[in-house]
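To start, the structure itself, in structure tokens.
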Amino acid sequence: MNVDYSQLGLKAGLEIHQQLDTKTKLFCNCPPVIRDDKPDIVIKRRLRASAGEAGKVDVAAAYEQLRGKHFIYHAYNDSVCDVELDEEPIHELNPEALGVCMQAALMLSARVVDRILVMRKTVVDGSNTSGFQRTALVAKNGFIDLLSGKVRIGTVCVEEESAKIVERRSDYDVYNLSRLGIPLAEIATEADIKSPEQLREVAEYLGMVLRSTRKVKRGLGTIRQDVNVSIKDGARVEIKGAQELRLLSKLVEYEALRQKNLVEIATELKKRKAAAVDKIVNVTDIFSSIESKLIKNTLGSGGVVSAVKLRHFKGLIGREIQPDRRLGTEMSDYAKTFGKVTGIIHSDELPKYGINETDVERINKKLSCGSNDAFVLVAADEERAAPALKAVIDRARQAIKGVPKEVRKANADGTTTFLRPMPGSARMYPETDAKSVKPESEGITFPRLLTEKANDFEKLGVSKDLAHTLINEGAEDFFELMVEENSNVNASFIAEIIVSYAKEMERRNLDHTKINDNHLKAAFSALNEGKLAKESVMEALAEVASGQSLDLEKYKTIPDSELEKELKRIVSSNSELQLSALIGKAMGQLRGKAPGKKIVEILKKLHK
Ligand SMILES: [Zn+2]
């Protein structure tokens, strides 16, 4: 997509959370190891809103949403203690974790604060047994200066990781406590980023800075990025939970597109003097004779069909605002969140679902819809239908104003889904169980930046571009290990596969996330032992990406003696062919069965 982001007034900020690989957790002596084996201890808890300290309205409302829900916590005798269980005050702030953050601050030219104060940030989803997350500001006012421009670093913080969700049920959630309390470094930029490409460059650089401390955890889920995005006339939207670097620029691109489309829709709605009518109408009687399976099931179980009229909205609910997502999808997100319904039906998508044009006419009549009006239907039991449609009315009204400020969740394809309204500010208050710490800069050194490693990689025969890509994508350690373990394989080929397989799988419409380091490791090892041809590596990986297991046997190369026999046969039955044509023919027939180089060598000998 060719978009002029400066004209669009794009502004984005990035917040990255990186798990640290320290000897102990942030506030206790437990090992920072994430486990998912059978727990030694299972605890049932309820979270209650405590008045006073945390008595903010949005927090209270959030608690209200969780009313009646309880939490199950999984714990282990040797890696969870009373601190994680919130039965004991926290211990002293882990100096090793603080040191890593101070090193990061040094690399980001940020000023370390005079005293480190631990603060509490209210969390009401049960992911922390105490009801809050502890965080401490380490440094502020830094900057980085990259090819794409200067970006200010607002803050560097050290935080505790939350408990890991195991299972979500309607009446309870299950969390594993082994992850709770692992130190996190949090770096937040100011909203100085002006394009999706710049965001990617900044994210790669900050990741590199943290990895340069050599004290960060590696692998999927160990680093999380939140992005905030706004455009001119749009609004600040926070996108949570991007785990993949390659997804970041797409998130910004699609969010800018979403806001641009929502602004255009708002302009049109204002021009039309549109309005959401605050009246929910029961239209169940119309549906008693309708052949819609979808609705029949609801009515069969005692539910109702309710509707709201959206004056002058016709054609705009069905307008696409992100790939395969419409204003109607956003209304549906609201209805799902606030009414716990499975979805909505809007007039822009009808006739569909067994609802025909005559039915639409009857609904229009009942709601007194004019030719430019639209409606939204919800089929559910009455207790859920009403809040769902109220949420739809709310979202429709916001659509007239423009872009709502909200927190959204990153989807795997780069689009986003509504998560919750933007929380109010000032959710932090001091941790009463911790003394403030004076940061000691002695022993905090500027580490060797990983970017300097690019030179080492070039010495192995890897091109400059490829060397930098390895580092930007955080693959430097894995690359070095693979080169060390597979001395018969060209380092440049190893690098090429590591940085390009994801893109190649995407090109083939396959899911690259199914491929992990162990698959690559096995492929390189087979290559090293001469059991696999270079040409077969991507093919074998593609099978993994399409959901099959890695089957290297299938791609096994044939022994040299057999290869020679096979080539002799090809030469003698094609005696009229020139060498180049012979090579082409043999390659076609033996592709993946033997290294191309070897085929050429033998053919040259045979063709004399
Ligand atoms: Zn502990």
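Only the coordinates and a few stated rules stand behind these numbers; no lab work does. Remember, predicted model here, so these are calculated numbers, not experimental data. Cβ sites come from the backbone with ideal geometry, for glycine too, and all protein chains shown count toward neighbours.
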I'd like the orientation of helix 357-366 relative to the chain: the angle between its Cα long axis and the longest Cα principal axis, in ° from 0 to 90, rounded to 10. 40 degrees
At what distance in nm do the modelled label points of R420 and N509 sit from each other, each positioned 7 Å from its Cα along Cα→Cβ? 3.8 nm
What shape does region 407-492 take by its C-alpha gyration tensor, where a ≥ b ≥ c are the square roots of the eigenvalues and a/c under 1.5 counts as rounded, a/b above b/c as prolate, and the rest as oblate? oblate
For helix 476-485, report the angle its Cα long axis makes with the longest principal axis of the Cα atoms of the chain; keep it between 0 and 90° and round to the nearest 10°. 30 degrees
What is the extension gain from R168 to D517, computed as 0.36 nm multiplied by their sequence separation minus the C-alpha to C-alpha distance, in nm to one decimal? 122.7 nm
Quick check on the chain: helices-only [θ] at 222 nm, where DSSP H runs of length 4 and up contribute -39,500 (n - 2.57) each and the sum goes over total residues. Nearest 500, please. -11500 deg cm²/dmol
Calculate the length of the line joining the C-alpha centroid of region 258-320 to that of region 172-191, in whole Å. 39 Å
Can you tell me the orientation of helix 579-590 relative to the chain, as the angle in degrees between its alpha-carbon axis and the longest Cα principal axis, to the nearest 10? 50 degrees
Skipping prolines and chain starts, which residues have an amide H placed within reach, meaning under 5 Å, of the one on I153, given they are 5 or more residues away or on another chain? G142, F143, I144, E190
What aspartates and glutamates sit close enough to K568 to cross-link, taking a C-alpha to C-alpha distance under 15 Å and skipping anything fewer than 8 places away on the same chain? D560, E576, E601
To the nearest 20 debye, region 345-475 has a Cα-centred charge dipole, built from +1 on Lys and Arg Cβ and -1 on Asp and Glu Cβ, of 400 debye
Run a plain Debye calculation on region 206-340 (Cα atoms as equal point scatterers, no solvent) and give log10 I(q)/I(0) at q = 0.09, 0.13 Å⁻¹, rounded to two decimals, same order as the q list. -0.47, -0.80
When Lys and Arg each count +1 and Asp and Glu each count -1, what net charge do the other residues less than 13 Å away from F287, Cβ to Cβ, add up to? +1
In terms of modelled amide H atoms, which long-range or inter-chain residues lie less than 5 Å from the amide H of D21? V216, K217
Taking the dipole of the chain about the Cα centre (Lys, Arg +1; Asp, Glu -1; charges at Cβ), the one of Y555, L14, A274 that reaches farthest to the positive side is A274
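Could you sort 215-222, 396-403 so that the peptide with the highest average Cβ count within 10 Å comes first and the rest follow in order?
396-403, 215-222
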All other residues with a Cβ under 12 Å from the Cβ of G9 taken together, and with Lys, Arg as +1 and Asp, Glu as -1, what is their net charge? +2
Are any of the pairs K25/K164; K69/K409; K336/K503; K23/K409 more than 25 Å apart by Cα-Cα distance, and if so, which? K336/K503; K23/K409
In nm, what is the difference between 0.36 nm times the number of residues separating Q548 and M428 and their Cα-Cα distance? 38.4 nm
Round to the nearest 0.05 the FRET efficiency obtained for L481 and K23 when R0 = 25 Å and r is the Cβ-Cβ distance. 0.65
From the phi angles alone, apply the Karplus equation (6.51, -1.76, 1.60; θ = phi - 60°) to region 138-154 and give each ³J(HN,Hα) in whole Hz, x where the residue is Gly or Pro. 9, 8, 8, 6, x, 7, 10, 10, 10, 4, 7, x, 8, 10, 7, 9, x
For region 179-195, in residue order, the Karplus 3J(HN,Hα) values (coefficients 6.51, -1.76, 1.60; θ = phi - 60°; whole Hz; Gly and Pro = x) are 7, 4, x, 5, x, 10, 9, 10, 10, 10, 8, 6, 7, 9, 7, 10, 8
Can you find, among N128, P183, C157, the residue sitting farthest towards the positive end of the charge dipole of region 89-185, where Lys and Arg contribute +1 and Asp and Glu -1 at Cβ? C157
Modelling each spin label as a point 7 Å along the Cα-to-Cβ direction, I'd like the R397/Q578 distance in nm, to one decimal. 7.9 nm
When the dipole is taken about the Cα centre of region 398-437, and only Lys, Arg (+1) and Asp, Glu (-1) are charged at their Cβ, what size is it in debye, to the nearest 20? 160 debye
Computed on Cα atoms, the radius of gyration and Dmax of the chain in angstrom are 29.3, 93
Residue span D278 to D233: 0.36 nm per residue of separation minus Cα-Cα distance leaves a gain in nm of 13.5 nm
Would you grab the residues whose amide H sits under 5 Å from the one on C30? Only those 5+ places off in sequence or on another chain, please, with H modelled 1.01 Å from N. K25
Farthest toward the dipole's positive end in the chain, which of A454, L520, V308, given Cβ charges of +1 (Lys, Arg) and -1 (Asp, Glu) about the Cα centre? V308
For region 301-312, just list the computed ³J(HN,Hα) in residue order, Karplus coefficients 6.51, -1.76 and 1.60, θ = phi - 60°, integers in Hz, with x standing in for Gly and Pro. 9, x, x, 10, 10, 10, 9, 10, 9, 10, 5, 6
Return the FRET efficiency for the residue pair D82, D381: r is the Cβ-Cβ distance, R0 is 41 Å, and the value is rounded to the nearest 0.05. 0.40
Describe numerically, in nm with one decimal, the distance between label points set 7 Å from Cα along Cα→Cβ at K464 and at L299. 7.2 nm
If you put +1 on each Lys and Arg Cβ and -1 on each Asp and Glu Cβ, how big is the dipole of the chain around its Cα centre, in Debye rounded to 20? 1600 debye
For K314, go through the aspartates and glutamates and keep the ones whose alpha-carbon is under 19 Å away, minus same-chain ones fewer than eight residues off. E264, E268, D278, D324, E330, D348, E349, E357, D359, E361, D373, D394
If the viscosity is 1.306 mPa s and the temperature 10 °C, what Stokes-Einstein diffusion coefficient in µm²/s follows for region 482-551 when Rh is the Kirkwood radius over Cα pairs? 132 µm²/s
